[in-house]
Amino acid sequence: MIGAIAGDIIGSPYEAHPVKMTDFELLGRGCRFTDDTVLTVATAFSLMTDGDYAQNYRIFGRLYPLAGYGPLFRAWLASDDPQPYGSWGNGSAMRVCPVGFLLDDEAEVLREAARSAAVTHDHPEGIKGAQAVALAVLLARRGTGAEDLRRELTARFGYDLARTAAEIRPRYAFDISCQGSVPEALICALEGRDWERAVRLAVSLGGDADTQACIAGAVAEARWGGVPADIDRRVRLVLPEHLLEIVCDFEARLREQHGGGKDTA
Ligand SMILES: [Mg+2]
């Protein structure tokens, strides 16, 4: 899960100022954690506690009100009677990776990803985006190779994953829909030769940089069993104590459940 957080932090300066290249400054000034991090940690917290996603997204969202939520999510946070709002936005996909890191059964991962999405993003594309990312994480941490991942995710979700980042980049622009940003982020995670390259590719599309780097960073972490040590160390310094503690608790939980080795969070 630190891969998702690292992707969010690395992508954060480039959401408002998109770049179309991979050799941008990695963790320079202006890097901060955003909504993607806060809600990913809230998902991990829910999985370790009561499983009440709606309640925990509201608690975490209100604790970090300036993290950069979309207007519909902000209205949902403020509402006295919060209801799912039919969203197909990529918010469901950016917060879901802890499901794929913790749970081991495919059906359970798909079910839990849908549950985490449905409290806000109950449009079929919102649900699908969350399921695709969670399943990609599960399959990747099992050691599934890029080509098999591409085939499996295409067959299950109907995403066009046959494109390359270089083909997407020239005409790509900011798109917060699941259907217009999740497949592209997955392509970067599959195409990258290592964690850093996957995240650099995601930012270089010039789209919803923090969220797409968050998604690519999560799947890449699962593929390569972690985040490069120097990046891991530096992004933890950006997190407030409260969020970092939950990340550490979740990592301990994974070690307990899966043992050492390739499974990280
Ligand atoms: Mg964000």
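The values are calculated or read from the model by the stated rules, or taken from the named source; none is laboratory data. None of the values given here were measured: they were computed from a predicted structure. With ideal geometry, Cβ positions are generated from the backbone for all residues, glycine too; neighbour counts draw on all protein chains shown. Areas reflect the complete protein model, heavy atoms only, side chains present, ligands, DNA and RNA absent. Shrake-Rupley method; radii C 1.70, N 1.55, O 1.52, S 1.80 Å.
Select from segment 223-252 the residues that are more than 16 Å from residue 102 (Cα to Cα) and outside any helix (DSSP H, G or I) and write down the one among them that is most open to solvent (accessible area, probe 1.4 Å).
Looking at residues that are more than 16 Å from residue 102 (Cα to Cα) and outside any helix (DSSP H, G or I), I get 237.
Might you let me know whether segment 175-196 holds any residue that is closer than 18 Å to residue 14 by Cβ, in contact with a strand residue (DSSP E or B) (Cβ under 8 Å, 6 or more places away or on another chain) and β-branched (Val, Ile, Thr)?
yes
How many residues, within segment 49-92, are open to solvent by less than 80 Å² (accessible area, probe 1.4 Å) and either acidic (Asp, Glu) or within 12 Å of the ligand (Cβ to nearest atom) (or both)?
Counting residues in segment 49-92 that are open to solvent by less than 80 Å² (accessible area, probe 1.4 Å) and either acidic (Asp, Glu) or within 12 Å of the ligand (Cβ to nearest atom) (or both) gives 10.
Among the residues that make up segment 212-223, is at least one of them more than 15 Å from residue 9 (Cα to Cα) and either within 16 Å of the ligand (Cβ to nearest atom) or over 16 Å from the mean Cα position of the chain (by Cα) (or both)?
No, segment 212-223 has no match at all.
Only residues in segment 64-83 that are within 19 Å of residue 8 (Cβ to Cβ) count as the first member; pair them with residues that are open to solvent by 80 Å² or more (accessible area, probe 1.4 Å) and away from the ligand (no atom under 16 Å from the Cβ), Cβ under 7 angstrom, at least 6 apart or cross-chain, and list the lot.
If the second residue must be open to solvent by 80 Å² or more (accessible area, probe 1.4 Å) and away from the ligand (no atom under 16 Å from the Cβ), the pairs left are 77/62.
When residue 141 is evaluated against the numbered criteria (1) under 27 Å from residue 48 (Cα atoms); (2) open to solvent by 30 Å² or more (accessible area, probe 1.4 Å), which criterion, by number, is the only one it fails?
So residue 141 meets the others, but not (2).
Count, please, the residues in segment 185-206 that happen to be within 16 Å of the ligand (Cβ to nearest atom) and under 15 Å from the mean Cα position of the chain (by Cα).
4
Working only within segment 10-48, note down all residues that are within 16 Å of the ligand (Cβ to nearest atom), assigned to a helix (DSSP H, G or I) and closer than 29 Å to residue 79 by Cβ.
11, 12, 35, 36, 37, 38, 39, 40, 41, 42, 43, listed by residue number.
Working only within segment 138-172, note down all residues that are of a type in the set (A, V, I, L, M), under 19 Å from the mean Cα position of the chain (by Cα) and not in a helix (DSSP H, G or I).
161
Looking at segment 123-136, is at least one residue buried (at least 21 other Cβ atoms within 10 Å of the Cβ), β-branched (Val, Ile, Thr), in contact with a Ser or Thr (Cβ under 8 Å, 6 or more places away or on another chain) and more than 18 Å from residue 4 (Cβ to Cβ)?
Scanning segment 123-136, I find at least one residue that is buried (at least 21 other Cβ atoms within 10 Å of the Cβ), β-branched (Val, Ile, Thr), in contact with a Ser or Thr (Cβ under 8 Å, 6 or more places away or on another chain) and more than 18 Å from residue 4 (Cβ to Cβ), so the answer is yes.
Can you find a residue in segment 173-196 that is without any contact (Cβ under 8 Å) to a residue 60 or more places away in the chain, among the aromatic types (Phe, Trp, Tyr) and open to solvent by 10 Å² or more (accessible area, probe 1.4 Å)?
no
Is at least one residue of segment 24-36 surrounded by 15 or more Cβ atoms within 10 Å (Cβ to Cβ), among the acidic types (Asp, Glu) and under 15 Å from residue 4 (Cα atoms)?
Yes; the residues of segment 24-36 include at least one that is surrounded by 15 or more Cβ atoms within 10 Å (Cβ to Cβ), among the acidic types (Asp, Glu) and under 15 Å from residue 4 (Cα atoms).
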